[in-house]
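J.: Have a look at this one.
The numbers here are math on the coordinates, done by the rules we state, and not lab data. Since the model is a prediction, treat every value here as computed from it, not as a measurement. Virtual Cβ from ideal backbone geometry, glycine too; neighbours counted across all protein chains shown.
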Amino acid sequence: MKTVTFAVSLLLLTSVTLVKAQETTDQEKIRSTFHSISSNEILEYVEELSAPQYKGRLSGSPEYLEAAAWCAGKFREWGIQPANQGSYFQYFQNAYSEVPSLGELVYSNGNKRQILQFPEDYLPGSNSASGTVEANLVYVGYGITAPELGYDDYKNVDVKGKIIVLEPGIPYTKNDTTMMKWTPYAEHRYKFRNAVKHGAIGMVYPNLIANPNTVNLDGFVYAHVSPGLAEQIFSDAGKDYAETKKQLQNGEIPSFAFGPGQKIKISAETRYFPDAQSCNVVGWIEGSDPVLKEEVIIIGGHLDGQGKMGDVVFPSALDNGSGVADILGAAKALATSEIKPKRSVLFILIGGEECGLYGSKFYAENPLFPISKTRLMINLDMVGNGTGFYLTGGKTYTSLFRHFETANNEWIHRKMQTNEVRKNYGRPRSDASIFENAGIPTFGLWTSGSVHPVYYHHPMDKTNVLTPEIMEDAAKLLYLGVMGVANDETL
Ligand SMILES: [Zn+2]
């Protein structure tokens, strides 16, 4: 009896040692792939995507589709399989406008005439109509008419034949169920249509960013202007811009007509493609475990940018060439790793984000893997300028988060913040919120502690404002974190 016990213990001891040794070599193999992830390669990816040939990757444009094909080529090169019935592409409707000219913007006050400069004073509207309008100005605050909510920014002003000055946002900021009544009014598309319905012929928008998340309406010409210009227009009318905005935020309706001598002339040239299609790029690695492979982890980030205006390209390097480059870095590592993920991994380079989250909405309605089998989605947006990470949702999904936390603590050593997922009753602002709302546990990753200025939706968003080291670490964090989740049998 004793001998038997002894033999059994010896056997147990040997197998424990064997398992331990196996684990050690597995860990070494993972480490070796981890160390193969290089900032040089990741920088090459983002340089490619930011190159002039892709013209700022405007979703729906032929150049966006070329960038998508380039990414699919990388997937193919690394043995990542097409995820949509043999195709790397998942197509959807994506109307867009080309902006072949910078147009012109002139502000005049009586005899004083000011020709405004691109991009310091103005940016053309991404979906402006073509043509020239010149008219007096009317401030319409948020530009909302909501009778059921007892609210109308247009009630005291006549905008027929006028150019409006419009603000982003809604007169409600509390994140509760009431917010949902206001959400449809937060959309630019609604605000544009409401302006046209009231007879406005043009608009200046005091928010100096390129923004394709709008709509091209016949005869409605618009441009974005700097807050500085807005202040000047207000002070020429004897008004205080900051004070007026405060009134607006307090729910008062400060709409008014500017002085009779104050005029703006906007010339715009665009070409509208209402029937265009765009796509997500989808590739996957089949899990190595016969049971766990039915479950999937999604790594995603938007591939599209803000396009081109006249001859000026918006390289969209940080937003979001960086996130896509990090994903490609991690994808290559996961695909070539000697240790295979047990769960399947799906990569989705999302289209149409800048136009209104088209690609993520399309995926949520047409998922390639059942939502119920999707264990985690991790979305990267602007992950390339900084010294630390913000990974949202870690306090809600603790058993998933610990894999990323351990990877960071043991191997990457960056400051990493997280938070709890809070239900958002307002307008969804990121692809991450679309996946979260679809019922998928979702992390959003971005970089914190900017090293360079952030040129948001601006032609200066070039690769020279990226920090390649943090991009390497983002790809490493993805590789180890996703590997951890994919192989965790206790989940
Ligand atoms: Zn973005």
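J.: Can you list the aspartates and glutamates whose alpha carbon sits under 13 Å from that of Lys246, skipping same-chain ones fewer than 8 residues off?
T.: In chain and number order, the partners are Glu167.
J.: Going toward the positive end of the dipole of the chain, with +1 on Lys and Arg Cβ and -1 on Asp and Glu Cβ, which of Met416, Gly287, Met180 do you reach last?
T.: Of the listed residues, the answer is Met180.
J.: Along the three principal axes, how long is region 281-378 when you take its alpha carbons, biggest first, rounded to the nearest angstrom?
T.: 53, 31, 15
J.: By the scheme Lys and Arg +1, Asp and Glu -1, what is the net charge of all other residues having a beta-carbon under 11 Å from that of Lys308?
T.: -1
J.: At what distance in angstrom do the alpha carbon centres of region 101-115 and region 302-346 lie from each other?
T.: The two parts, judged by their Cα centres, are 40 Å apart.
J.: Now, a different point. Let me test this: with uniform point scatterers at the alpha carbons of region 103-272, what is the Debye-based log₁₀ I(q)/I(0) at q = 0.09, 0.10, 0.16, 0.20 1/Å?
T.: Taken in order of the listed q values, log10 I(q)/I(0) reads -0.27, -0.34, -0.90, -1.42.
J.: Looking at region 103-272, send over the antiparallel percent of its DSSP beta bridges, to the nearest 5.
T.: Approximately 70 percent, going by the DSSP bridge assignments.
J.: Report the relative contact order of region 94-180, percent, no decimals, based on alpha-carbon pairs under 8 angstrom and at least 6 residues apart.
T.: 21
J.: Now, a different point. With the contact rule set at Cα under 8 Å and sequence spacing of 6 or more, what percent relative contact order holds for the chain?
T.: 21
J.: If you bin every alpha carbon distance in region 92-179 into 10 Å steps from zero, what whole percent lands in each bin?
T.: Once binned at 10 Å, the Cα pair distances of region 92-179 give 12, 32, 32, 20, 4, 0.
J.: Compute the acute angle (0 to 90°) between the alpha-carbon long axis of helix 227-236 and the principal axis of greatest extent of the alpha-carbon atoms of the chain; round to the nearest 10°.
T.: It is inclined by approximately 20 degrees.
J.: Straight-line reach only, C-alpha to C-alpha below 16 angstrom: list the lysines that Lys462 could link to, leaving out same-chain residues fewer than 8 apart.
T.: Lys55, Lys308
J.: Tell me the angle of helix 62-77 to the major Cα principal axis of the chain, expressed in degrees between 0 and 90 and rounded to the nearest ten.
T.: Result, in degrees: 10.
J.: Mean residue ellipticity at 222 nm from the helices of the chain, using -39,500 (n - 2.57) per DSSP H segment of n ≥ 4 over the full residue count, to the nearest 500 deg cm²/dmol?
T.: -10000 deg cm²/dmol
J.: From Cα coordinates alone, what are the radius of gyration and Dmax values for the chain in angstrom?
T.: So, for the chain, Rg and Dmax equal 25.9, 110 Å respectively.
J.: Report Rg/Rh for region 160-230, rounded to two decimals, where Rg is the Cα radius of gyration and Rh the Kirkwood radius.
T.: 0.99
J.: OK, next. Taking every alpha carbon pair in region 207-301, what does the distance histogram look like in 5 angstrom bins from 0, in percent?
T.: Histogram of Cα-Cα distances, whole percents per bin: 2, 8, 12, 13, 12, 11, 7, 7, 7, 6, 5, 5, 3, 2, 1.
J.: Quick one: what are the phi-derived ³J(HN,Hα) couplings along region 479-491, Karplus 6.51/-1.76/1.60 with θ = phi - 60°, whole Hz, x for glycine and proline?
T.: Going residue by residue, I get 4, 5, x, 5, 4, x, 5, 4, 9, 7, 7, 8, 5 Hz, with x marking Gly and Pro.
J.: Lys162: which lysines have alpha carbons under 17 Å from its alpha carbon, excluding same-chain residues fewer than 8 sequence positions away?
T.: Here the lysines satisfying the reach criterion relative to Lys162 are Lys191, Lys197, Lys263, Lys265.
J.: If you don't mind, another one. Taking K and R as +1 and D and E as -1, what net charge do the other residues with C-beta under 14 Å from the C-beta of Arg31 add up to?
T.: Spelling it out: positives minus negatives among the neighbours equals -3.
J.: Going by Cα centres, region 380-407 and region 119-167 are how many Å apart?
T.: Rounded to whole Å, the Cα centres lie 40 Å apart.
J.: Now, a different point. Can you tell me the orientation of helix 2-36 relative to the chain, as the angle in degrees between its alpha-carbon axis and the longest Cα principal axis, to the nearest 10?
T.: Its long axis makes an angle of about 30 degrees.
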